[in-house]
1. In region 342-399, which residues are surrounded by fewer than 16 Cβ atoms within 10 Å (Cβ to Cβ) and β-branched (Val, Ile, Thr)?
2. Could you give me the residue pairs with C-beta distances under 7 Å whose first residue belongs to region 633-647 and is closer than 11 Å to CYS659 by Cα, whose second residue is open to solvent by less than 20 Å² (accessible area, probe 1.4 Å) and among the aliphatic types (A, V, I, L, M) wherever it lies, and which are 6+ apart or on separate chains?
3. Could you pull out the residue among SER629, SER624, SER656 that is farther than 27 Å from SER400 by Cβ and either at pLDDT below 85 or among the polar types (S, T, N, Q) (or both)?
4. Just for region 217-246: of the residues that are part of a loop (DSSP other than H, G, I, E, B) and among the basic types (Lys, Arg), which one is nearest to the chain's Cα centre (by Cα)?
5. What number of residues within region 385-414 satisfy the criterion of being touching a strand residue (DSSP E or B) at 6+ places or on another chain (Cβ under 6 Å) and farther than 18 Å from LEU478 by Cβ?
6. Would you mention how many residues in region 487-525 are over 19 Å from the mean Cα position of the chain (by Cα) and part of a strand (DSSP E or B)?
7. Go through (1) open to solvent by 40 Å² or more (accessible area, probe 1.4 Å); (2) at pLDDT below 90; (3) under 40 Å from the mean Cα position of the chain (by Cα); (4) not charged (D, E, K, R) and name the single condition SER411 misses.
Amino acid sequence: MADWTFPNKVKLDGHEHLVSIIKHRDGLECDACDRSYGHAFSCSECKFTIHVKCVFVFKILEIFDHPSHDGHSLKLLTTGAPDHTDPKCHLCGKNTHYKKMTKRLLYHCSSCKLNLDIDCTIDAPSRAHLNMPWHHHPLLMVDFTFHMQCDFCYQGGGHGFLCPRCRLVIHERCVSIFESPEITHLSHVRHPLKLITNGAPDYTDGRCHICAHDFRNLLYHCDICKFNLDLDCAIKNPRSVALSNTKVHEHTLTLMPRLISFVCDACGLKGDRAPYVCVQCDFIIFHQDCAHLPRIINVNHHDHRVSFKYPLGPGEWRCGVCWEEIDWSYGAYSCSLCPRYAIHSLCATRRDVWDGNELDGVPEEVEDLEPFKRNDDNTITHFAHQHNLMSLSKDGEESSLCGACVRPISSYTFYKCSESDCSFILHETCANLPKKKRHFLSPEPLTLCLQSQQYTPFCDACHQVFCAGFIYSRYDLLCSSITVPFFHGSHDHHLLYLNIRLQGEVKTCQSCGIDEEDVVIGCMKCDYFLDFRCATLPYTVTLPRYDDHPLTLCYGDEKTSGKYWCDICERETNPKTWFYTCKDCGVTLHVFCVVGDIRYAKPGAKLEYVIPGVKVEYDFELLSNNSSSRPLCSRCHCRCPGPFIVKGRENVAFCSYYCFSQMSTSRCPPW
């Protein structure tokens, strides 16, 4: 099936407003029909939702000769039945209400003040319908939009036929499928299969018996065995009835094309149809996908290769990805170098865990991950700097900022540039950061580099801009240093990485209340989630204006009553959300007012976001916000509360990168 990529708004022919596109989901109700036809459009102005397959009604905005209402015209309404009329359909008496919801789309006669349901009206105008030998309903010839997909090729655009009754959509070039109204298929050799054009019969489970995909209108069916086969499995991509030389089993596997409940020996999960079985091994059984599992792979949660093993073997095993228990009597991936490390088969082969490369037969290369070459006991050559660095521990550099993490050197040992006119300096721990590492944020290894060597100034995990220091590929050092399971003081249970972008989900951060659509750290059992910006907030911070007293991060108190005020911006703080406080001074401070929204920030830092071959997109400079009079932000018109002022072009001041990057807003940052 086609992989849809949706714009935010599109123009719908025949409708005056822009509409949003909604991906198919269970419970999606269309205002034009009572069925499920996949993706839909939604109009926020008229409050209607309509399946992509039902938008043909906007090509019939007015009907003059409907056989049930001769003499008056029927006009399409998009806002429901008028208040002064009976909302029930004049013909069927019920269909303008569906599941106790009043439909927004219907035909209406203003003279007679009556309403007709869409499905009761679709036979008009009859003169425009075409009768084809391969379909039992009259058809319309229509131009397909990009979003209206053919039931055979799943492509949009072009022109073809549409059945208003059963919503069959097929390109004119694809009707050759009807030249084979009956086939004999290897997955069902007992009886011929007949082509059906109006969906799976009600007496079946409505899904393909082989792949379990929901049907569109076209499928092949055996009415004797109640067997369904979609076009992918029948014609385009038929499943092999026998598999040899698989990576997970030494014998030939045979497809069992029937509905049958089983537990897969490769992954330990249940299945309900068409497994592959091995007759030689007492019917060892596999999901179709599990029969194609790779033998040896790299995963981003572990430094070594892992290989498939069946059975995993006795012991108390816990998955290195989801941290749930592994049943050792089934297959899993394990590490030959780490005897207690294993991963569920399906966790190991997830898109966000495995890079997709099978390594069976591929020799393992030993990479040089050392970030520097040691010249002598006190001098090194680091890949990130052109001069030699000397190992030092003397005083006098406590306030200098490390070139990697942009934090003060403090009392830690460090390396400093041997050239007198160069101030480059690194914590010893930062100098030892490996040049490459595997991390759960990316299935590909992350590469250590300077921020200035990257074209993007944003971390793909926390979405914050950074303007100095080291980064790992597209992630800053803080986000790429998180390990799982992740233990955070705000929650009693460990937290795990969740790539919610792949599931199309949205989670709300427990700290800031902002919705996150990409990646989070969370506890599924408690429905507790943190975005990466809040998960990596420092527990203690020191600000000069508070006499160097440590500020401590508080995770909110539901029992607290009364009002609290931020000592920096002098606006109210919500004690039920996260905030910083000083136990010595008793002050409360907004998180943003303490740490701002720019990572690796330092006075005088500049950022130029350059796209190769394109003009500079952004450029700004950071100034310390330490004067007695804080300037007004030119965007939200509030006093700049954070530790830095963002100075844009023409010396225009902004309180944050958020305000700097907004084209037009009069609101303060959402946190």
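The values are calculated or read from the model by the stated rules, or taken from the named source; none is laboratory data. Source: prediction; values computed, not measured. Please note: Cβ atoms are built from the backbone with ideal geometry, for glycine as well, and neighbour counts cover all protein chains shown. Just so you know, the surface numbers come from the protein's heavy atoms only, side chains and all, with ligands and any DNA or RNA stripped out. Shrake-Rupley method; radii C 1.70, N 1.55, O 1.52, S 1.80 Å.
1. The answer is VAL362, VAL366, THR379, THR381.
2. VAL646/LEU622
3. On inspection, the qualifying residue turns out to be SER629.
4. The extreme case among them is ARG239.
5. Of the residues in region 385-414, 9 are touching a strand residue (DSSP E or B) at 6+ places or on another chain (Cβ under 6 Å) and farther than 18 Å from LEU478 by Cβ.
6. 0
7. Among (1) open to solvent by 40 Å² or more (accessible area, probe 1.4 Å); (2) at pLDDT below 90; (3) under 40 Å from the mean Cα position of the chain (by Cα); (4) not charged (D, E, K, R), the lone unmet condition for SER411 is (3).
For every residue, the table says whether it meets (1) assigned to a loop (DSSP other than H, G, I, E, B); (2) at positive phi; (3) at pLDDT 90 or above.
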| position | (1), (2), (3) |
| --- | --- |
| GLY556 | yes, yes, no |
| THR560 | yes, no, no |
| GLU570 | yes, yes, no |
| LYS576 | yes, no, no |
| ASP584 | yes, no, no |
| CYS593 | no, no, no |
| GLY604 | yes, yes, no |
